[in-house]
Amino acid sequence: MITNILWRGQDGNSTSLLLEDLLDESVLLVDRFEDRPLSIEHGAPLRLIAPKHYGYKNLKHLTKMEFHTTMPAFKKGFAALLDHPRARVSEEERGRWVPGIILRYVYGAAVEGTVKDFRDAMNKKYTKEDTS
């Protein structure tokens, strides 16, 4: 029986959610916003929106879904430490083995750098070699 879906994006990011969480009525697969196609900045061509979960579960640029009967091990090292199978905001599920109250401060410190990385990526001029 399928219990977990692994999502992969064109930008190299990936996340997974339990099937139970994906079936929630608030979860959307979005290709448009205000009757216009999504922009690259907002996750084109397809974006997963799971409002009850932390932002890293709301994957942009979706290209692939994988169905699993167990929790897939797709992140390694520090990234695996900060990934929670459910990541529900209401439960403050921020990481697998570290209490959410502690990770609250780790994530808070990372916000500025993450925003800068995003801006730099959006401003980068891509060449034909970058896309091959």
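Here, each number is a calculation from the coordinates, and none is a lab measurement. Every value quoted in this text rests on a predicted model; they were computed, and no experiment measured them. Neighbour counts run over all protein chains shown; Cβ positions are idealised from the backbone, glycine included.
Cβ-Cβ distance of residue 10 and residue 97, R₀ of 25 Å, FRET efficiency by 1/(1 + (r/R0)^6): the value works out to about 0.25. Available extension along the chain between residue 2 and residue 20 is 5.5 nm, counting 0.36 nm per residue and deducting the alpha carbon span. Backbone phi angles across region 96-109, fed through the Karplus curve with coefficients 6.51, -1.76 and 1.60 (θ = phi - 60°), yield HN-Hα couplings of 6, 10, 10, x, x, 4, 6, 5, 3, 6, 5, 5, x, 5 Hz in residue order; Gly and Pro are listed as x. Cβ crowding within 10 Å ranks 119, 86 as 119, 86, fewest other Cβ atoms first.
This ranking places 97, 7 by how few other beta-carbon atoms lie within 10 Å of each, fewest first, which gives 97, 7. Under 18 Å from a label point set 7 Å out along the Cα-to-Cβ vector of residue 86, the amide N atoms of region 58-72 belong to 58, 70-72. Taking label points 7 Å from Cα along the Cα-to-Cβ direction, residue 68 and residue 29 give a separation of 1.9 nm. Just checking the listed ones, 29, 48, 59: in the Gaussian network model of the chain with Cα springs under 10 Å, the one fluctuating most is 29. Secondary-structure-derived ellipticity at 222 nm for the chain, considering helices only, amounts to -7500 deg cm²/dmol, per-run term -39500 (n - 2.57) for DSSP H runs with n ≥ 4.
Backbone phi angles across region 69-75, fed through the Karplus curve with coefficients 6.51, -1.76 and 1.60 (θ = phi - 60°), yield HN-Hα couplings of 9, 9, 5, x, 9, 10, 10 Hz in residue order; Gly and Pro are listed as x.
Projecting the Cα positions of 16, 51, 108 onto the charge dipole of the chain (unit charges on Cβ atoms of Lys, Arg, Asp and Glu, taken about the Cα centre) puts 108 furthest along the positive direction. Each residue in 25, 92 was given a count of other beta-carbon atoms within 10 angstrom of its own, and listing them fewest first yields 25, 92. Maximal additional length on extending the residue 41-residue 110 stretch stands at 22.9 nm, based on 0.36 nm per residue less the C-alpha distance.
Once backbone amide H atoms are built at 1.01 Å from N, residue 44 has 39, 61 as its partners under 5 Å, excluding neighbours fewer than 5 places away on the same chain. Under 5 Å from the amide H of residue 86 lies no amide H of any residue 5 or more positions distant or on a separate chain, with H modelled from the backbone and absent for Pro and chain starts. Solvent-free Debye calculation, one equal scatterer per alpha-carbon of the chain: log10 I(q)/I(0) at 0.15 Å⁻¹ equals -0.83.
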